[in-house]
Amino acid sequence: MWYKSLNGNAPRVRFNEAVIRGIAPDRGLYFPTEIPRLSKNFWETLKERELTDLAADLMQSFTEGVLPEGTLKEFLEETLSFPFPLVRIAEGIHALELYHGPTMAFKDVGARFMAQCLGYFNRGGNREVTVLVATSGDTGGAVARGFLGVPGVRVVILYPEGKVSDIQERQLTTLGQNIRALRVRGSFDDCQDMVKNAFLDPDLAKALQLTSANSINVARWLPQMLYYVAGLQQLEGTDPAPVFAVPSGNFGNICAGMLAAQMGMPAAHFVAATNRNDTVPRYLETGQYQPAPAIPTISNAMDVADPSNFIRIRQLFQDSFPDLKELLSAYSFDDTQTRAAMKMLHQQYGYVADPHGAVGYLGLAAYLDAHPGQPGIFLETAHPIKFRPEVEATLGLTLDIPEQIQSVLQGEKVSTSVSSYSEVRNFLLDLSAS
Ligand SMILES: *Cc1c(COP(=O)(O)O)cnc(C)c1O
């Protein structure tokens with residue numbers, strides 16, 4: 001398997017190079033040059049096999065030539081070492097909970113897989129790799145945790161001071177070892193600009209081998225296919241193919257599901273559910289892709305105005321708008337609707353959803369209104385505890401604190417305050433000398 005740049009102006013590469021580079025030299029996203037189809041038998045016998053076996057078959061052609069099969073299998077076992085329960089909500093409606101990993105957000109799977117791959121590709125190398133990542137909350141924690149203790153790799157996380165939740169900040173700052181946190185006086189966009197500047201800085205390129213761990217990296221994107229397979233495995237024997245509703249921000253997760261569908265996975269339809277950041281719902285309605293400035297919402301991991309993975313979704317359909325609309329619908333919801341859905345799910349079904357999962361539920365409900373009798377699965381992407389103040393205030397209850405979170409509450413927060421790019425640069429140069 002080869003990967004090409006979607007900007008069309010860079011050489012094709014193997015999986016290892018796509019992972020190490022993150023983004024192609026022409027700033028395009030990497031995309032597989034062909035999409036393998038798995039046999040009918042593979043999809044019909046999902047329930048008889050272990051998830052890690054299925055995962056190895058699904059991922060194998062994407063990593064072929066650079067990851068031996070045994071190594072891939074080992075990485076997948078490590079990556080998928082927690083459950084993805086499918087919870088029945090009502091007749092024909094299930095929640096697929098993706099938040100039982102170490103940082104209780106669905107980004108754990110991609111971050112852990114990428115960490116293993118990068119550690120492996122850099123093995124025996126005499127140069128440490130420095131992973132630089134800007135976070136608005138969940139990505140940083142998952143990346144930090146995934147890379148903790150991986151030899152030959154250090155991680156520097158930039159986060160906006162005062163704009164992440166206390167639990168999220170602890171997940172970034174209490175780990176120590178090969179993880180460093182920079183507390184930026186500014187916004188998430190400022191953090192992202194600093195990271196972009198660092199990648200373009202020739203002095204840093206000389207001093208450090210820098211890479212990025214954001215969601216456009218193929219090693220974070222591709223393993224998300226496995227969620228959909230985990231969901232299908234747990235459906236009752238006679239259920240027809242479900243519609244999948246995915247709370248979407250950068251559109252990496254739903255894009256992975258649609259890729260699996262092109263590999264033959266049974267899926268009736270996909271629904272992208274967004275908050276008020278509705279660039280994609282507007283695009284599907286009008287055919288015009290016009291990002292507006294990002295709006296802050298209570299489902300803040302999806303406050304993305306220009307989803308970077310949407311170009312990959314368009315590529316899956318060779319940019320055919322009618323073909324895309326056949327498999328994808330999109331709906332947008334505001335915070336009032338989100339809170340009402342959280343309350344309804346709790347009062348009517350005894351289910352506690354976080355704001356992102358609630359947006360996913362709303363997307364599913366909107367689609368099922370027009371398609372009665374169609375079974376559906378919505379993805380629940382974060383544990384309610386990660387949005388504790390919002391969930392407790394909306395539902396009028398006190399959440400139990402899971403073990404994964406209790407352990408970070410005890411650690412001491414350590415971070416370095418920075419307010420300009422030159423301070424970030426000096427920090428990285430000092431790090432390279434240490
Ligand atoms: C990142 C994130 C999303 C959005 O996922 P994308 O792949 O960027 O669309 C949704 N929910 C939560 C909790 C997240 O952290």
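The values are calculated or read from the model by the stated rules, or taken from the named source; none is laboratory data. Predicted model, so just to flag it, every value in this text is computed and none were measured. Here Cβ is always computed from backbone atoms with ideal geometry, including for glycine, and neighbour counts include all displayed protein chains. Side chains are part of the model used for accessible areas, which takes the heavy atoms of the whole protein and leaves out ligands, DNA and RNA. Shrake-Rupley method; radii C 1.70, N 1.55, O 1.52, S 1.80 Å.
Quick look at the numbers
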| quantity | calculated |
| --- | --- |
| Spin-label pair Leu399/Arg12, simplified geometry with 7 Å Cα→Cβ offset, distance in nm | 4.5 |
| Contour minus Cα-Cα distance for Tyr289 and Glu44 (0.36 nm per residue) | 84.5 nm |
| Linear extension gain, Ile35 paired with Asp323, 0.36 nm per residue minus alpha-carbon span | 102.0 nm |
| Amide H contacts of Asn7 (H built 1.01 Å from N, under 5 Å, at least 5 apart or other chain) | Gly28, Leu29 |
| The chain - charge dipole about Cα centre, Lys and Arg +1 at Cβ, Asp and Glu -1, debye rounded to 20 | 880 |
| Set of lysines with alpha-carbon distance to Lys386 below 23 Å, sequence-local pairs under 8 removed | Lys107, Lys163, Lys343, Lys413 |
| Two-site FRET efficiency, Tyr349 against Leu409, from Cβ-Cβ distance with R₀ of 30 Å, rounded to 0.05 | 0.50 |
| Probe 1.4 Å, all protein chains present, accessible-area order of His383, His356, largest first | His383, His356 |
| Ranked packing of 376-382, 95-101, most packed first, by mean Cβ within 10 Å | 376-382, 95-101 |
| Percent accessible area from carbon and sulfur atoms, region 76-155, protein chains only, probe 1.4 Å | 45 |
| Cα-based convex hull, region 21-94, per residue volume (Å³, whole number) | 174 |
| Gain in span if fully extended, Asp53 to Asp430, counting 0.36 nm per residue against the direct Cα distance | 131.3 nm |
| Backbone N within region 415-434 under 14 Å of label point (7 Å from Arg185 Cα along the Cβ vector) | 416-424 |
| Solvent exposure of region 108-215 as accessible area per residue, Å², 1.4 Å probe | 37 |
| Relative compactness, region 71-116, computed as alpha-carbon Rg over 2.2 N^0.38 Å | 1.35 |
| Cβ-derived FRET efficiency at R0 25 Å, Gln177 paired with Ser308, nearest 0.05 | 0.25 |
| Two-decimal log10 I(q)/I(0) for the chain, as the Debye equation yields it once each C-alpha is a single scatterer, q = 0.06, 0.10 Å⁻¹ | -0.23, -0.67 |
